[in-house]
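These notes concern the structure reproduced below.
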Amino acid sequence: MECGRAWRAKRISRGSLFRILFLASAGLFSYAAILFLIGLGEISREISRASAWELSLSILASVVGSNLYILGWWVLLRRADLSCDLGKVFGIMWSDIFLDQALPAGSFSGEAMRIYLTTKNTIKQIGVSLATIIVHRLFSILPFLVTCAMGLAYLFNKARLSPPIGVAIVALVTPPFIISGSLALLTLNDGLARRGLEGLAGLMSLLGERWRARAHLLREGGLGLIAQYREGIKAISSKPIACLASLSLCSASFILELSIPILVLRSLGKDLPLLAIVAVYVVGMTIQSMPLFIPGMMGITEAAMTALFSILSLSPAEAASAAILIRIPMFWAKLLIGGIVTVYVFKNLGKWKASPG
């Protein structure tokens with residue numbers, strides 16, 4: 001019964017479904033264009049030479065890395081006294097990963113699902129849960145930002161990018177730096193969030209009597225959420241060892257993620273400098289998470305990675321083969337596992353009990 005209500009609440013309208021299918025078709029068209037322009041036969045020959053053993057290792061690295069990422073959040077949940085069962089944490093997070101892959105919206109779709117499912121299971125205060133989610137995101141994005149800066153420095157120094165391509169890459173990778181900086185600032189100084197909320201409520205009050213009541217509700221609810229968030233941050237930061245453990249797990253997860261393109265290129269018998277591989281992969285990761293609602297940015301991610309690998313001395317067929325094979329553990333494996341887990345979670349959602357509080 002409860003599961004049915006949850007499904008109806010999450011049901012996609014026909015208009016939204018049409019847009020998703022249209023955008024997915026656009027992504028598949030880009031995918032087909034790569035095969036057509038470079039040559040299906042050439043790409044197939046390159047892929048047929050790949051080592052199945054090393055490709056299997058790349059998929060294993062992706063799955064293990066995702067599970068370490070999940071454990072990084074579980075550590076923070078325990079530190080914040082949110083007694084979420086480990087099995088359910090895995091269910092929540094694989095559902096989060098699935099939505100991030102299937103409906104990329106700058107990770108908001110996945111995080112909304114994470115909050116919703118966690119609330120069904122354990123949450124006494126949504127703000128405390130939100131604190132664990134944001135800190136977890138900051139810990140997971142930190143190794144990405146460091147590696148991204150190193151990879152891009154190498155790319156601009158060695159690859160001799162044309163000015164338009166250089167500008168496009170910088171514009172592409174800038175938002176993660178801005179977003180993570182903003183989240184870190186709000187985490188360290190919740191007064192900014194309070195002042196922003198007060199300002200928004202004040203503007204709403206100027207719109208008339210009807211909006212004044214809404215502004216009051218927004219202000220009261222928002223201040224309560226900020227207070228809960230501050231409580232969550234205080235609980236997490238009271239024991240640095242938990243933060244260090246979470247950061248270590250997220251960093252290990254990212255290192256395993258970076259092993260994916262290395263293993264794939266080794267399986268194809270291709271040798272590129274480590275920082276070159278890192279640069280291409282982090283650009284691909286950034287494109288994959290762009291909020292354009294194309295599932296996994298199909299075709300577009302492959303096209304960008306193919307172009308960058310070509311700049312770094314691989315032939316077009318070699319570059320396209322590497323990009324296509326990298327996307328198996330990078331996107332398709334996570335989509336499949338996440339989809340299966342999400343179906344299981346929603347079938348059993350009615351059994352989940354939220355702790356009172």
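Tell me, yes or no, whether region 286-295 has at least one residue that is at pLDDT 90 or above, surrounded by 21 or more Cβ atoms within 10 Å (Cβ to Cβ) and either among the polar types (S, T, N, Q) or assigned to a helix (DSSP H, G or I) (or both). Checked against the condition, which is being at pLDDT 90 or above, surrounded by 21 or more Cβ atoms within 10 Å (Cβ to Cβ) and either among the polar types (S, T, N, Q) or assigned to a helix (DSSP H, G or I) (or both), region 286-295 yields no hits at all.
Of all residues in region 141-153, count the ones that are surrounded by 18 or more Cβ atoms within 10 Å (Cβ to Cβ), in contact with a Pro (Cβ under 8 Å, 6 or more places away or on another chain) and not β-branched (Val, Ile, Thr).
The number of residues fulfilling the criteria is 2.
Just one of (1) without any contact (Cβ under 8 Å) to a residue 40 or more places away in the chain; (2) crowded, with 19+ Cβ neighbours inside 10 Å fails for Ser310. It is (2).
If I ask for residues that are of a type in the set (Ser, Thr, Tyr) and modelled with pLDDT of 90 or more, which ones from region 60-89 would you list?
Step one: filter region 60-89 for residues of a type in the set (Ser, Thr, Tyr), giving 62, 66, 69, 83.
Once the filter is applied, which keeps residues that are of a type in the set (Ser, Thr, Tyr) and modelled with pLDDT of 90 or more, region 60-89 yields Ser62, Ser66, Tyr69.
If you check Gly166, Gly181 for being loosely packed, with under 15 Cβ neighbours inside 10 Å and without any contact (Cβ under 8 Å) to a residue 24 or more places away in the chain, only one passes: Gly181.
If the condition is being out of contact with any Ser or Thr (no Cβ under 8 Å at 6 or more places or on another chain), in a loop (DSSP other than H, G, I, E, B) and either closer than 22 Å to Val173 by Cα or hydrophobic (A, V, I, L, M, F, W, C) (or both), then region 296-330 contributes Leu312, Leu314.
Of all residues in region 169-178, those satisfying the criterion of being surrounded by 14 or more Cβ atoms within 10 Å (Cβ to Cβ) and within 21 Å of Ser310 (Cβ to Cβ) are Ile169, Leu172, Val173. State whether the residues of region 325-346 include one that is more than 25 Å from the chain's Cα centre (by Cα) and of a type in the set (A, V, I, L, M). No, region 325-346 contains no residue that is more than 25 Å from the chain's Cα centre (by Cα) and of a type in the set (A, V, I, L, M).
Please return the ranges of helices (runs of 4 or more DSSP H) entirely within region 184-276 where 3 or more residues are among the β-branched types (Val, Ile, Thr) and surrounded by 14 or more Cβ atoms within 10 Å (Cβ to Cβ). Let's see the steps before the verdict.
Working: elements: 190-205, 209-237, 240-267.
Once the helices (runs of 4 or more DSSP H) in region 184-276 are filtered for at least 3 residues that are among the β-branched types (Val, Ile, Thr) and surrounded by 14 or more Cβ atoms within 10 Å (Cβ to Cβ), what remains is 209-237, 240-267.
The values are calculated or read from the model by the stated rules, or taken from the named source; none is laboratory data. Predicted model, so just to flag it, every value in this text is computed and none were measured. As a convention, Cβ positions derive from the backbone with ideal geometry for all residues, glycine included, and neighbour counts pool all protein chains shown.
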